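Presented below is the structure to which this report refers.
The values are calculated or read from the model by the stated rules, or taken from the named source; none is laboratory data. On a predicted model such as this, the values are computed, not experimentally measured, just so you know. All Cβ positions, glycine included, derive from the backbone under ideal geometry; neighbour counts span all protein chains shown.
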Amino acid sequence: MLFVLYRTTVYQYQHTEMDENFDPFETFKESSLASRLLGCSRSKVEPSTRGYLLAIPVGIKQKDGVDHIVQKFLPENFTVMLFHYDGNVDGWWDLDWSDEAIHIVAKNQTKWWFAKRFLHPAVVSAYDYIFLWDEDLGVEHFNPGRYLKIVRFEGLEISQPALDPNSTNIHHRITVRARTNKFHRRVYNSRGRTKCSDISEGPPCTGFVEGMAPVFSRSAWYCAWHLIQNDLVHGWGMDMKLGYCAQGLGTFSPPQKSFYVNWESEGMQMINIMGDRTKKVGVIDSEYILHKGIQTLGGRKPPERKASNTEEMTRRHRTASGDPRMEIRRQSVWELQIFRDRWQQAVKEDKNWVDPFLRSLKHRKLKRHG
């Protein structure tokens, strides 16, 4: 068991100053959380068999659902890491597997905040695949072993299980399960604002997974980790850019410049990428999940007594500024715009970076008209 308590203030944007040139992980060629950091000379399971990591942000109210998820993964030799955003760890010790899990505690933090600080690529380099999932997922029709067989066979570097059509909060059709497929890389849609066809080159038509249940190969995570912004904790905008991280395991080498924001949030630098998001990113239909859409961050409103007309008018006036859920959504939208601005600024400033997908699109257009 590894237990980490991370003390934070109520302000999520108070950062620690770090020297850009100092890499605290530079002495590690490979690291496994299960075998290196548990205070024993040898793990109960040989490192070669502990090839996968499941990391989930959890609250005690979703304990039963999380237990169901973890029970699915344990037979496949996964290391389990729980990010406790509510500060409650004691309530988990009665679960048989809890002592073998890694527990990290920081109140009122998000999945991407935890991932940036505790899933550095050097720390998780021993894992072939990293499952960075939400806690409100139904896994009745999901088997991680069968899932990974498909991922490997199809050469997918970034993937997600398809969503049951009965899921809550489905935002893009590409994530919905196709009943007759084993997996799919693109979606076809002739209705709505976004038209998707064979010539579509990018999200949300192809090369796209959503943030609720992404699965990364080791090399893809190296890139995705750098994509996470230190000061933008909700991760909005990342899903549209994850396709840039679809490198092949055999062809990737660490770039000289990475796409990142340092601790002072000065800006981004572009990453040189390899791979084709239309081929290396996919959704697995045969192993699918149900997204329950349970609101956890910000909490649920308690039942209220019947209010007078005056009280009701006052409540409505204060809702926009007083509802923590509305505040979180407002902050997320604000972070999305900042993320987009930083990306555009980085593209503008890095004269040597060429968008490979834009170049590919121009080439295909010329080929069609030539």
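Some points to look at:
- Residue in the range 180-190 that is farthest from K241 (Cα to Cα), counting only those that are assigned to a loop (DSSP other than H, G, I, E, B) and at pLDDT 85 or above: T180
- Contact annotation: residue pairs with Cβ atoms under 8 Å, 6 or more positions apart or on different chains, pairing a residue in the range 54-76 that is under 14 Å from D134 (Cα atoms) and in contact (Cβ under 8 Å) with a residue 40 or more places away in the chain with a partner that is assigned to a helix (DSSP H, G or I) and of a type in the set (G, A, S), are A55/A115.
- Some residue of the range 191-207 being at pLDDT 95 or above and either β-branched (V, I, T) or touching a helix residue (DSSP H, G or I) at 6+ places or on another chain (Cβ under 7 Å) (or both): no
- Residues satisfying the stated conditions in the range 139-160, i.e. touching a His at 6+ places or on another chain (Cβ under 9 Å) and either surrounded by 13 or more Cβ atoms within 10 Å (Cβ to Cβ) or free of Cβ contacts under 8 Å to residues at least 40 places away in the same chain (or both): V139
- Residue check for A115: in contact (Cβ under 8 Å) with a residue 60 or more places away in the chain and under 17 Å from V215 (Cα atoms): yes
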